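Student: My structure is below; once you've seen it, I'll send some questions.
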């Protein structure tokens, strides 16, 4: 088996689990802990037992090692955790990005997070435009900024659940999936 093929086969479970999570998030607005747990275990195990390299989707494909997989898991969760604390994102999304980190490691998960934020922003704009909710969304942004400034000046943490009108929920597992895929493809170019 060639190293490139091994690298692609090693990220195949992540790809399949991301697709399952995205499908589940679209249909029920939830991400199963079972999907995430299976992914984290597979990511850590594959990074620990396969021949060493620079990562599964790199010039020299191969495993990063147990420690790098666990660091990737931690970094993936840590980056999205503040959004969960602000109630702008669900816990399943945070855990799903941790799963991605278990496969990609601490450096590449940051690229996947950045691509996810771009994809999520584009998705949000498209959903708002499609549902003709641009006015309420802009009003929410204004209220969030004013409300956050007031709460911060009073020494309180701002939360995203204080909005008067919701313009809808976005299944963020779709953004995580598409962002991760976009990052992996971009990295291969």
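Student: Which residue pairs have Cβ atoms closer than 6 Å, lie 6 or more positions apart in sequence or on different chains, and pair a first residue in the range 127-156 that is without any contact (Cβ under 8 Å) to a residue 24 or more places away in the chain with a second residue that is surrounded by 14 or more Cβ atoms within 10 Å (Cβ to Cβ) and outside any helix (DSSP H, G or I)?
Tutor: Filtered contacts from the range 127-156: 148/158; 151/158.
Student: Also, I was wondering about something else. Can you give me the number of residues within the range 165-175 that are part of a loop (DSSP other than H, G, I, E, B) and at pLDDT 80 or above? First the steps, then the outcome.
Tutor: Taking the range 165-175 first, the residues part of a loop (DSSP other than H, G, I, E, B) are 165-171.
In the following step, the residues that additionally are at pLDDT 80 or above were identified as 170-171.
Of the residues in that region, 2 qualify.
Student: Provide a single number: the residues in the range 90-113 that are under 12 Å from the mean Cα position of the chain (by Cα) and surrounded by fewer than 20 Cβ atoms within 10 Å (Cβ to Cβ).
Tutor: Result for the range 90-113: 3.
Student: Please enumerate the residues belonging to the range 134-164 that are assigned to a loop (DSSP other than H, G, I, E, B) and either at pLDDT 75 or above or in contact with a strand residue (DSSP E or B) (Cβ under 6 Å, 6 or more places away or on another chain) (or both).
Tutor: Passing the criteria: 154, 155, 156.
The values are calculated or read from the model by the stated rules, or taken from the named source; none is laboratory data. Computed from a prediction, not measured in an experiment: that's the story for all the values here. Glycine also receives a Cβ, built like all others from the backbone with ideal geometry; neighbour counts cover every protein chain displayed.
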